[in-house]
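Right, one structure below, let's go through it.
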Amino acid sequence: MADRPLPGSPETMSTYARLTLEAYGVVLRFGVEVSAVAAGRVTLADGSGLAADMIVWVSGIKGPGVLRSIPGLMFDRGDRIKVDPTLRVVGAQDRPIDGLFAIGDCAACYPEGSERPIPATAQAAHQQAAHLARSLRRDTTGANRAPFDYCYLGTLVSFGADVIGDLPIPYGRCIGLSGLAARSAYDALYRGHLAICIGWLRTTLLALSNRMRRRAKPKIKLRW
């Protein structure tokens with residue numbers, strides 16, 4: 001239903017994604033709603049249909065249904081809990097509830113003066129968690145709680161062998177990344193996430209073992 005791929009990213013990133021997908025032979029349709037799905041066929045709202053051997057449904061971010069069982073909360077159309085700029089949960093009559101917070105994909109956070117929520121991405125959730133931790137520490141000292149200020153740090157997307165991305169630069173602009181630069185940044189980001197889970201020592205040993213395995217692996221699969 002969107003007008004471009006990766007609609008939550010800058011337009012340059014969407015252009016890179018579209019060109020990469022089209023190079024793989026992917027046919028993209030935008031601005032068309034799916035009205036029905038049956039075995040081997042997808043029917044669109046404009047009356048047209050698509051035949052398919054395999055259908056993969058990707059419907060976006062939606063809050064878990066269990067949230068609806070909690071009384072007194074306000075939700076957006078994606079069943080995400082509405083929060084104010086300080087990440088406090090919004091209750092009846094749009095009044096924030098003291099002591100109750102929501103972050104990440106289950107929260108719909110609208111920056112001050114904006115009608116669009118902060119994108120439901122990993123970097124947004126990470127920044128929200130860090131901000132909320134600082135806010136809770138300030139609360140113990142009686143300091144005022146500051147609003148959350150989202151900072152876009154760029155995007156990296158893997159298309160199998162290809163990786164594309166963008167990097168924000170001053171004056172609200174972004175530069176595109178592709179090729180070796182994008183792959184190196186993607187691998188570094190992955191190792192950083194892995195290190196959080198298993199530590200840098202194990203991450204380094206795992207990276208070295210993977211490299212040695214690739215060096216020793218034959219280019220073709222041998223059978224005898």
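The values are calculated or read from the model by the stated rules, or taken from the named source; none is laboratory data. Nothing here was measured: the structure is a model prediction, and the numbers come from that model. A quick note on method: Cβ atoms are made from the backbone with ideal geometry, for glycine too, and the neighbour counts reach across all protein chains shown. All accessible areas refer to the heavy atoms of the entire protein, side chains included, with ligands and DNA or RNA removed. Shrake-Rupley method; radii C 1.70, N 1.55, O 1.52, S 1.80 Å.
Quick notes on this one:
- Residue that is modelled with the lowest pLDDT [pool: residues in segment 176-224 that are under 30 Å from Thr15 (Cα atoms) and touching a Ser or Thr at 6+ places or on another chain (Cβ under 8 Å)]: Gly176
- Some residue of segment 91-100 being under 21 Å from the mean Cα position of the chain (by Cα) and without any contact (Cβ under 8 Å) to a residue 60 or more places away in the chain: no
- Every condition in (1) open to solvent by less than 60 Å² (accessible area, probe 1.4 Å); (2) under 30 Å from Leu153 (Cβ atoms); (3) touching a strand residue (DSSP E or B) at 6+ places or on another chain (Cβ under 9 Å); (4) assigned to a loop (DSSP other than H, G, I, E, B) holds for Val32 except the one numbered (2).
- Here the helices (runs of 4 or more DSSP H) wholly within segment 114-224 that include at least 2 residues being open to solvent by less than 100 Å² (accessible area, probe 1.4 Å) and hydroxyl-bearing (Ser, Thr, Tyr) are 179-198, 200-216.
- Single condition Arg173 does not satisfy, out of (1) modelled with pLDDT under 80; (2) on the phi > 0 side of the Ramachandran plot: (2)
- Residue in segment 64-83 that is among the β-branched types (Val, Ile, Thr), surrounded by fewer than 18 Cβ atoms within 10 Å (Cβ to Cβ) and without any contact (Cβ under 8 Å) to a residue 24 or more places away in the chain present: yes
- Close pairs (9 angstrom Cβ cut-off, 6 or more residues apart or separate chains): under 20 Å from Ser59 (Cα atoms) and of a type in the set (Asp, Glu) in segment 1-26, at pLDDT 85 or above and surrounded by fewer than 11 Cβ atoms within 10 Å (Cβ to Cβ) anywhere: Asp3/Gly31
- Selection within segment 41-52 - hydrophobic (A, V, I, L, M, F, W, C) and either open to solvent by less than 50 Å² (accessible area, probe 1.4 Å) or under 30 Å from Ile97 (Cα atoms) (or both): Val42, Leu44, Ala52
- Considering only residues in segment 61-90 that are charged (D, E, K, R) and under 17 Å from Asp149 (Cα atoms), the one that is nearest to the chain's Cα centre (by Cα) turns out to be Lys82.
- Failed condition for Ile55, given (1) at pLDDT 85 or above; (2) in a loop (DSSP other than H, G, I, E, B); (3) open to solvent by 80 Å² or more (accessible area, probe 1.4 Å); (4) of a type outside the set (Lys, Arg): (3)
- On inspection, Pro119 passes the criterion of being touching a residue at least 60 places away in the same chain (Cβ under 8 Å) and out of contact with any helix residue (DSSP H, G or I) (no Cβ under 7 Å at 6 or more places or on another chain).
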